[in-house]
Every structure is written in structure tokens, then in C-alpha cells.
Amino acid sequence: VTTPEERRLAELLQGEAELLEPGGSALDAIRSGVRRRRARRRTALSASALGLAVVVGASVALAGGGTTSSLEPAPQASSSASATPSPSAVPSADPDGSTTSVPGTPFFPFTSDEQAADWAAAPGDKAWASDPVQVAQRLVDDLLQLEGVEAGPTSENGFSPLTVGGALVARVQLAQLGTAPERPWVALRVLSADEGRLLEVTSPLPGNTVTGVVRAAGTVVGVDESVRLQLRSAAGELLAEESVMAGSERPWSASLAYTSTSWSLGVLTAMTSSAKDGSVARLVAVPVLRDASPTREVPGPTEAFVGEVDGVVGLYDATDGERLLQVSFPPAGYTDVAPRRAGTKVLWLRLGRECSDRKVIQRDLATDVTATLVADQPLVPVLAASPDGRWTAWALRPGCESGETTVVVQGPDGTREIGFGDGGEVSDLDLNDDGALLAEYAGEDGGSMAFVPPGSRSIAESGFDAEEGCLLFNPAFLDEQVVATEVCDPFDGTTPLRVVTMSVTGERLSETVTQLDSLPRVATADGQVLTQRFEPSGAIGRLVDGRFEAILEQPACRETLEAKGCLTSVDW
Amino acid sequence: MDSTAAPVATAGALGRGSMADERPLTPDEVLTALYTAHYRGLVRLAAFLLRDRDSAEEVVQDAYVKVHGRWRGVRDLDKGEAYLRQSVVNLCRSRLRHRTVVARHAPAPMPDGASAESGALDSLERTKVVEALAALPLRQREAIVLRYYADLSEAQTAHAMGISPGAVKSHTSRGMAALRETLLEEL
């Protein structure tokens, strides 16, 4: 609206419109309409349920009839007693793989016979290691960094009592390490005052291996007890911290995710505090080993897919939808969304409470047990990664809710920014292995889908026109071509969706009428199209010649994928 | 037209200061947000196309009901607005086709008579423009109303009408020429 004539017309139309004030109870009328429509749909669905069950059953039978994946599940990013048995036998392994001469896992101040031998030759500044009481005291002072805890004389079987104001809070199990005549004392674990009945850690057990996160669990005697958990490296660095409420009727559990990889042996402490003065009331400490395996086998893109459930990203088996691996561990107050699979890498967005608090995070399942930060900017919640993982794209909007949207493409040739104009809304992105970008957007300069060639910084005239009365959504590269979902009039879920294949210049090559009746997310890999239908089953599946083949049914997610426990945002 | 919906369909986008700010909205929360932000504007838009206030309200309510079933797939509120607008335009077309076939009755006029505050000349001019608009072919009327009343870009208008941006340009241009001709120098 730029000319005086256009401005005057706009003013007159606005003035005329303002004379009309709609009635006040329309929202109730709409809600009634929604209820009536749902009731009609339920009736229709129950009539077709038998037919659907037959189709789904056939799909599942076909999937089950094939060979099962020979690949091992991805590394479990958790620790549990069942996953990694506690090394209870003698000798035990130290973090370097060598053996030690004591039962259990020595974690303070020495961890191996070799270190003990070095100490025997030259105690240096650790001469105090010859005295078990001093070892116990230094453990609480230097490693666990607790105040007001006093270590007492060691019993015959190697336990040193820890007291606070004269009250027993825990006992340190000690042993002499090494084979030299002069052997240092080391701590093996810290037990609650009465053999674990007051406070117990049931997982991890001493010497368990952890990968990316420590999944801790245990029991506590009491009603509403706050159990404080800390994960520290053997050098005393605080790696993760968490508090949980628990009681006699309610065992506690918590996940402590760590990001540091500069440790190989650490200690998990659980403690309760005095309600009176906050001093330590009960204490348990368990040594754990960090799994630093250099590489792991990761299921291929058509064998596993990524998705999000309740703000947590996971890797799922493409034959039965079982979760193979928890990929992301969002801290409290954060939600992880929009996961994208790229080779062995998984990228996702971490949304904080504020629009400006959004991050792009990446984890390489093959090499890194920890996630790394890719970008920390005011992001529009869309993300893309090329299949080979070399290219990544995300969208920035410095004003969060307004202002110019810029898509950042990061790859082997550096970073390039593509402007989508002031007010341009970017709602979906995809990348191919050449670094070309597809974007679904709406902007002042027209177009709803753009193809941006490799190296280009401008939105090309892509010619991705929908048929008359239709709209195109979810563009994705499929080999050398582009696929998108076309929704046609009427836009009320009664018309099947079409998957349209086009050249990158917008030439229509084929179109397939699907069984889908609502807009899915479309993802592609190895010539396959993965999708998710929201009705009637909330299922995840493949589109094969327009036919939906279910991988995972989600009956509880039929009405809304916002329900707890619903898997969504899938990507190959 | 009102356009105050936040772009991300999360509770946080509605300004709720809780830890669950970034959780996706429930369909009813989306409904309420889209109703609050766009209902009045959409009724006015439909009224321009239908020249009938009651029908306009019915059509917009139908659009909300129909689009509600698809909101779980809508990832942001702006897209929800676009769906609604598209649905309103389509339902208006259906309603007009129905009218043409079933009865050739004169559509009920828009609420007429300017308010006391409005100038008499403005009122007269508006009436002439609205009458001239009503005489335009449907696609031209849609393009003019979406561009100049709803203040949409050519791309957004193209989405709402389900046609290409080039066709929007063409319909708008022809519509403006027709209005100019009808109103002579009124604009």
C-alpha cells in the first residue's frame, strides 16, 4: 500500500470495517462446534477401526518378519546397576584398565597400584596418606568439600566414622593400596551411618561406568527428605548437581548430566541435611567411572530415527519404535525440540524460558558422549542439517518476535547468511550435501518455498507454485529432487494430502495422493519418506507409494500430540 | 486486521511466566489465542466478501471449527491465522456459490449509516466504495480486501486465495482499475 489512492482505499475499508462489531459469545459457539465435530469423527473412526487394524497389523507383521537389526543399540547414556555390574571381585579395574590390589574402586587420594608405588617411593605433599583418619578427613574437606564433618579413628575392618557435632552421619570404607611395604590408605566408598538403611544409593554401584549422564536412584528413611546429589571428578571438580524429594514410601531417583570429558573417575555423593542448621545429616559417596570409548557403532538413517518426547530428544529403532538412546538431557527449565539427524550427529534446539535463550546443540553419537554448543542466539525454532552432517542451518531473529529473519548456513566453506526480509517468517528448512538450502517461508517479497543454491546468499526465484486452491508445506530434499506436502481446498482434513516431487527449479515431476488427512512432518533419507500422521493414530511411519506403513502406533496421542509421552518431530 | 498472535505456539508465546513456558499449547489454548487475536478481523473480512454480517459470523465460526482439527499440526500461531484466513476465503466462496444457485436474493446490507463522529463525506465515500467493491468479480474483490483491508502482502494474499503471487497482482490491478472506473475521481 504505497500510493495515495491505495492508502485512501485502505482507510475507507478500515473505517467501514470498524462499524461492524461481532457478537460476544462466538467462542462458546465455536467450542460447541468442535465438540460436535469430534463426536462425528469418533463415530466415523470406530466404524473404520477394524479396517485400520487389519492394515496396521499387516504392516507390523511385515516389519516383524524381516531380520532384526544386527546393530547394537547406541551407547546407553545412562548408568544402572543392571547395565554395568559392580566390580565386586578382587582385583578390580582402575580407570586406566590396570588392576588394583584392593576390592572395590579406590578413588581418593590414589586410584591405582602404580600411583601407590610412586607414593611409597616419594610421598611428597601427600605424606598424610599413611594415616587413614587423615585420608578420611581430607576426603570430606578437599574432595567432597563438606564443612563441619569430622573423621574419627578407624575401626579394625577399615571404617572411619564421620561425625557432625558428635553425631554419626556416615562411615568411610578405607583400604591400603599397592604392594609396597609402605602402602597409602585410600577411600573406597562412603556408607550411611547404619549400613545404608538411613540413606542408600542403589544405582550406580561403586565402579559402575557412566556415559553422558548418571542415573542415580536410592532410598531414604523419613517422610519428606531432600536428597542432594553431586557428581565430582576425583580432582574435586563439581560436574553436576541435583536435589530430589523422597521418603520411606518414595524411593528417590535423578539424572545428573555432565558435559566435562576431562575426567575418568568421579564420585557421586548423596546427602541429607539437618532441618535445624543445614549441616550434613546423612552421607553416601560412590565412585563411578566415565566411559570414554572413542567410537561406537550408530544405527544408519533408515534403521533409526530421532524424535522428541516431552522435550527430550531420543534415538528410536525404525522397526519397532523402541527408544535406543536418550540423546539430550535438558536442564530444568529447558525443552529440547526439533531434532535433526545428520549421519552420526544429532542436532536439536534447546529452548529456554525467554525467546533470547535458545541454543543449537549437537551430539555426535559415534565419538562424543557429551553435547556441544553450536549456536547461542535468538533463534526461530527451525533447524536443518545435511545428511552427511557437514552443513547446518538455523534461523535468527534478533528481535525475537519481530524484525528481519536471517538463515545461517554453516558448512565446510564457512558461514553464510541469507536474508528473508523484515517480517519474513521461516517455518521449515532442509539442506542437502552440497549445502543447498530449501526454506518454507512467508515474506514481503513473495513466495512460500525457496531454493537457495550452494554458496548463494539470496532467495532464488524458485517457482515452487502450488496448484490452484492448494498450499505447499514441508519442503525436503529427496536425492536430486524436492518433495513437499500439498494441501488442497477444503482445508478441513477431508481432502487427502499429496506428496509432490519437483525439480529444484520447481518443475513438477510427480505427485502421489496419500492416505494422510492432516499435515505431517515429512523427512527423507535414502530415497524414503518418513512421516507422522496425527489422526487417527498419531503414528510414525513410512510413506510407500502414498501408502502409510506404521512403525510406531501412539493411540494415546490420537487427539493431540501435545499429550505427555507422545513422540513427535521425527527425522531420519 | 488484528495481527497480534505470537509466532511460536507455546505457552511462553502467550506471555505466561512459568517454567513450562515453552511447552506446546493445547488445542484449546490455540483456539482461544487465535480467537482473541483474529476473530473480529476475520468477521470483518468475511463481511466484505459476503456483504452480510450474520453470514460472515457463521462462516468464520465454521472456519474455526474446521481448522481446529488441524491445529495439532500447526507449529506456530501465524500459520494458524493463515489457515483460518484461507478457510474463511474458501467458505465465503462456497457460501456465495450457494447463494447464486439457490436464490438470487439481494444480500443484506452491511451495517449502514456512519457513526455520529464520522464525517458525512467519509460516510458517503465509504458507501460508494463498498458498493463498487461488491460489484467486482469475486477474485478481484478478495484480492482488494485481503491486500487493502487485511493489509496482507502479495505472498500472504496468494496463500489465502490459493493462487500465485502473480495472479494476485493481476486481480488487484484489475480490481483497482474497475473501482477507479466506477468511482471516477472519488478515490
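The values are calculated or read from the model by the stated rules, or taken from the named source; none is laboratory data. What you are looking at is a predicted structure, and each value in this text was computed from that prediction instead of being measured. When we count neighbours, we look across all protein chains shown, and the Cβ atoms used for this are built from the backbone with ideal geometry, even at glycine.
For region A:1-20, a residue qualifies if it is more than 7 Å from chain B (Cβ to nearest Cβ), of a type outside the set (Lys, Arg) and surrounded by 12 or more Cβ atoms within 10 Å (Cβ to Cβ), and the qualifying residues are A:Glu11, A:Glu18. Find all pairs meeting these conditions: Cβ atoms under 8 angstrom apart; at least six residues apart or on different chains; first residue within region A:146-174 and under 16 Å from A:Leu188 (Cα atoms); second residue of a type in the set (Lys, Arg). From residues that are under 16 Å from A:Leu188 (Cα atoms), the pairs are A:Phe159/A:Arg171; A:Ser160/A:Arg171; A:Pro161/A:Arg171; A:Leu162/A:Arg171; A:Ala170/A:Arg282; A:Val172/A:Arg189; A:Gln173/A:Arg189.
Is it the case that some residue within region A:540-552 is in a loop (DSSP other than H, G, I, E, B) and modelled with pLDDT of 75 or more? No: zero hits. With respect to being touching a residue at least 12 places away in the same chain (Cβ under 8 Å), more than 20 Å from the chain's Cα centre (by Cα) and closer than 26 Å to A:Trp348 by Cα, A:Ser248 falls outside the description.
Put simply, of B:Arg141, B:Arg85, B:Arg147, B:Arg93 the only residue that is part of a helix (DSSP H, G or I) and modelled with pLDDT under 85 is B:Arg93. For region B:139-187, the set of residues classified as under 24 Å from B:Glu81 (Cα atoms) and β-branched (Val, Ile, Thr) consists of B:Ile144, B:Val145, B:Thr157, B:Ile163, B:Val168, B:Thr172, listed by residue number. Only one entry of A:Arg350, A:Arg340 meets the criterion of being within 14 Å of chain B (Cβ to nearest Cβ) and basic (Lys, Arg), and that entry is A:Arg350.
When we screen A:Thr494, A:Thr505 for residues that are at pLDDT below 70, over 31 Å from the mean Cα position of the chain (by Cα) and among the polar types (S, T, N, Q), the only hit is A:Thr494.
Just the residues that are under 16 Å from A:Ala193 (Cβ atoms) and surrounded by 12 or more Cβ atoms within 10 Å (Cβ to Cβ), please, taken from region A:145-157. Hits for region A:145-157 are A:Leu146, A:Gly148, A:Val149, A:Glu150, A:Ala151, A:Gly152, A:Thr154, A:Ser155.
Among A:Gly222, A:Gly218, which is the only one that is in a loop (DSSP other than H, G, I, E, B) and over 23 Å from A:Pro109 (Cα atoms)? Unique residue meeting the criteria: A:Gly222. Can you name the residue in region B:151-168 that is more than 8 Å from chain A (Cβ to nearest Cβ) and either buried (at least 21 other Cβ atoms within 10 Å of the Cβ) or in contact with an Asp or Glu (Cβ under 6 Å, 6 or more places away or on another chain) (or both) and is also farthest from A:Ala17 (Cα to Cα) among such residues? Out of the qualifying residues, it is B:Val168. Within region A:388-423, work out how many residues are under 17 Å from A:Phe451 (Cα atoms) and not small (Gly, Ala, Ser). Total meeting the criteria: 13.
The strands (runs of 3 or more DSSP E) found entirely in region A:244-334 that carry 2 or more residues being touching a strand residue (DSSP E or B) at 6+ places or on another chain (Cβ under 8 Å) and farther than 29 Å from A:Leu143 by Cα are A:304-309, A:312-317, A:323-326. Of everything in region B:42-64 that is of a type outside the set (A, V, I, L, M, F, W, C) and more than 8 Å from chain A (Cβ to nearest Cβ), the residue that is nearest to A:Ala10 (Cα to Cα) is B:Arg51.
Residues that are without any contact (Cβ under 8 Å) to a residue 12 or more places away in the chain and either small (Gly, Ala, Ser) or buried (at least 23 other Cβ atoms within 10 Å of the Cβ) (or both) within region A:192-244 are absent altogether.
Here B:Leu184 does not fit the description of being surrounded by fewer than 18 Cβ atoms within 10 Å (Cβ to Cβ), more than 16 Å from A:Glu5 (Cβ to Cβ), modelled with pLDDT under 85 and hydrophobic (A, V, I, L, M, F, W, C). So which residues in region A:508-520 are within 14 Å of chain B (Cβ to nearest Cβ) and either at pLDDT 80 or above or in contact with a helix residue (DSSP H, G or I) (Cβ under 8 Å, 6 or more places away or on another chain) (or both)? Those that are within 14 Å of chain B (Cβ to nearest Cβ) and either at pLDDT 80 or above or in contact with a helix residue (DSSP H, G or I) (Cβ under 8 Å, 6 or more places away or on another chain) (or both): A:Arg508, A:Ser518, A:Leu519, A:Pro520. Taking strands (runs of 3 or more DSSP E) as the structural unit, those lying wholly within region A:360-458 and holding at least 2 residues that are on the phi < 0 side of the Ramachandran plot and at pLDDT below 85 correspond to A:372-376, A:379-385, A:404-411, A:414-422, A:425-431, A:437-442, A:449-452.
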